[in-house]
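Beneath this line is the structure, given in C-alpha cells, with notes to follow.
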Amino acid sequence: MFTVLKSVGVLGIIMLNNRHRTNVSPAIDEVHLRRLTVDEALLKLDQFLNDAFMAGLYRVRVIHGKGTGTLRQAVCEQLGKHSLIKSYRPGGY
C-alpha cells in the first residue's frame, strides 16, 4: 500500500552531505506491520508516519500482509482519517 503524506510547502529534493555524519542513517520509506496485533500495528504506523513526515518523505509503503484482512481494514481506516495523509491506494501483491 502506498501512502502520500501532505506537503509541507517545500518543493524539490534536498540532498544532505553525510560525509561527516556516519551515525545518521537514511530515512526508510517502508514499514512492516506483519504479525502485529491491530493495536501494535496502529501505534507503529502512527510513529512511522510522523517520522516519515519529519524526514521529508512524501511517499511511503505500508506492508500489512494478507491474513484475514482485519489488519488491512484497520490500517485503511487509520490512513483515511490521519491528518498527515493526502491519499493512499492499495498495492499489488
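The values are calculated or read from the model by the stated rules, or taken from the named source; none is laboratory data. Since the model is a prediction, treat every value here as computed from it, not as a measurement. Heads up, the Cβs are rebuilt from the backbone with ideal geometry, glycines too, and the neighbour counts pull from every protein chain shown. Note: accessible area is taken over every heavy atom of the protein model, side chains too, but ligands, DNA and RNA are not part of it. Shrake-Rupley method; radii C 1.70, N 1.55, O 1.52, S 1.80 Å.
Things to note:
- Of the set (1) open to solvent by 70 Å² or more (accessible area, probe 1.4 Å); (2) at pLDDT 80 or above; (3) polar (S, T, N, Q), all apply to residue 7 but (2).
- Boolean, residue 62 is part of a strand (DSSP E or B) and surrounded by 11 or more Cβ atoms within 10 Å (Cβ to Cβ): yes
Okay, residues lined up against (1) in contact with a strand residue (DSSP E or B) (Cβ under 9 Å, 6 or more places away or on another chain); (2) modelled with pLDDT under 90; (3) over 20 Å from residue 91 (Cα atoms):
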site	(1), (2), (3)
18	no, yes, yes
22	no, yes, yes
28	yes, yes, no
45	yes, no, no
60	yes, yes, no
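- Criterion violated by residue 40 - all others in (1) open to solvent by 90 Å² or more (accessible area, probe 1.4 Å); (2) at pLDDT 50 or above; (3) farther than 18 Å from residue 78 by Cα satisfied: (3)
- Among the residues of region 65-82, just one is among the hydroxyl-bearing types (Ser, Thr, Tyr) and either surrounded by 15 or more Cβ atoms within 10 Å (Cβ to Cβ) or free of Cβ contacts under 8 Å to residues at least 12 places away in the same chain (or both), namely 68.
- Test: residue 34 is open to solvent by 40 Å² or more (accessible area, probe 1.4 Å) and either of a type in the set (Val, Ile, Thr) or not in a strand (DSSP E or B) (or both): yes
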